1. Can you tell me how many residues in the stretch 249-266 are touching a residue at least 24 places away in the same chain (Cβ under 8 Å) and either more than 20 Å from A139 (Cβ to Cβ) or in a strand (DSSP E or B) (or both)?
2. What do you reckon, is S232 assigned to a loop (DSSP other than H, G, I, E, B) and hydroxyl-bearing (S, T, Y)?
3. Going by what's in this entry, would E52 be described as within 60 Å of the chain's Cα centre (by Cα) and at pLDDT 80 or above?
4. Just the residues that are over 23 Å from L120 (Cα atoms) and aliphatic (A, V, I, L, M), please, taken from the stretch 168-221.
5. If the requirement is being closer than 22 Å to Y298 by Cα and of a type in the set (K, R), which of these qualifies: R188, R169, R194?
6. Anything in the stretch 208-239 that is surrounded by 16 or more Cβ atoms within 10 Å (Cβ to Cβ), in contact (Cβ under 8 Å) with a residue 60 or more places away in the chain and either among the charged types (D, E, K, R) or not assigned by TED's automatic domain parsing to the domain that holds F253 (or both)? List them, or say none.
7. Being out of contact with any Pro (no Cβ under 9 Å at 6 or more places or on another chain), hydroxyl-bearing (S, T, Y), surrounded by fewer than 13 Cβ atoms within 10 Å (Cβ to Cβ) and at pLDDT below 85 narrows it down to one residue among T103, T107, T92; which is it?
Amino acid sequence: MSDKIDELQEQIEAESIESEEDAEAFRIQYLGRNQGAIPGLFDQIGDLSPEERPEFGKRVNALKDRAQERLDEAKARLQREEQAGGPDIDRTLPGRRGFRGSTHPLTQTLDEILRILRGLGFSTYEGPEIETDWHNFTALNFPPDHPARDMQDTFFLKDAPTEEPTVLRTHTSPGQIRIMENHAPPIRVAVPGRVYRNEAISYKSFCLFHQVELLYVDEGVTMAQLKQGLYSLARALFGESVTLRFRPSYFPFTEPSAEVDVWWDDEDGDDGQWMEILGCGMVHPNVFEAVDVDPERYTGYAVGMGIER
């Protein structure tokens, strides 16, 4: 008899009740008066000795209570699901951990550069990506025969809303012109953004990349201040031990001009090399004259850095 109770106990715990039909079948199989397995056990009490009957009856009653409890729980769950329009949800369970995204490394680098520049006193300006030939070239002292004006290097737009030639900006330097057109010195501003060039696409180059332009214009701005500012930026970005190299260069809109390299070691520390990170220089007087800024009174420096580098 005891084995029969244990067997029924295991069956009751293992039963799956997923519908009203399952619940009714469970009730009939285990609790039904005529065919139920548990009432059938009560009918067998008379076959036991007087000493065995109390313990047996106690166990059968406990089994009946457990079967009724399982049935009541299932019915309550089915009713909640019907009211909610779907399966019951255990709200005490921990939620599923969602995918945690992050910003692109280029965005992280740009944000870090702009954060450092804000600490150095630079505000931020974002100019248009579609520029006139005047803003992109002429006002920046590019001569008419400069190679950058060639269609092999620049994307010219055919259906431009203006009669003047229009291009996808080839650098963020037109931001200098737009700022100086609308604001009198002193000016200290950073111009981040996408730029476009008709480059051969490879692992080293693409037709779209990102730059940050710096412009500082005031009375008495010198090349020494330019170098001091770049060292401050590089140390904040690469660490206090960074080594920079300034090389003479040429840009139409600055004079004198320089390119700046940073030294980096390989992982083993056995070798290293210089990597170019930006171009810079003192704003050319012709650029000041194009935007009606007196070059006899004001000087300034400009910096253009590539984020991908």
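The values are calculated or read from the model by the stated rules, or taken from the named source; none is laboratory data. Here the structure is a predicted model, which means the values were calculated and not measured. So basically every Cβ, Gly included, is an ideal-geometry build from the backbone, and we count neighbours across all protein chains shown.
1. Of the stretch 249-266, the ones touching a residue at least 24 places away in the same chain (Cβ under 8 Å) are 249, 251-257, 260, 262.
This time we only want the ones that are either more than 20 Å from A139 (Cβ to Cβ) or in a strand (DSSP E or B) (or both), so: 249, 251, 254-257, 260, 262.
The total comes to 8.
2. no
3. No: the conditions fail for E52.
4. L168, V195, A200, I201, L208
5. Numbers: R169 fails: closer than 22 Å to Y298 by Cα; R194 fails: closer than 22 Å to Y298 by Cα.
None of the others qualify; the one that does is R188.
6. Selection gives E213 alone.
7. T92
Here is a yes/no grid of residues against (1) more than 17 Å from V287 (Cβ to Cβ); (2) acidic (D, E):
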{"residue": "T138", "(1), (2)": "no, no"}
{"residue": "N141", "(1), (2)": "no, no"}
{"residue": "D145", "(1), (2)": "yes, yes"}
{"residue": "T154", "(1), (2)": "yes, no"}
{"residue": "I179", "(1), (2)": "no, no"}
{"residue": "I187", "(1), (2)": "no, no"}
{"residue": "E219", "(1), (2)": "no, yes"}
{"residue": "K227", "(1), (2)": "yes, no"}
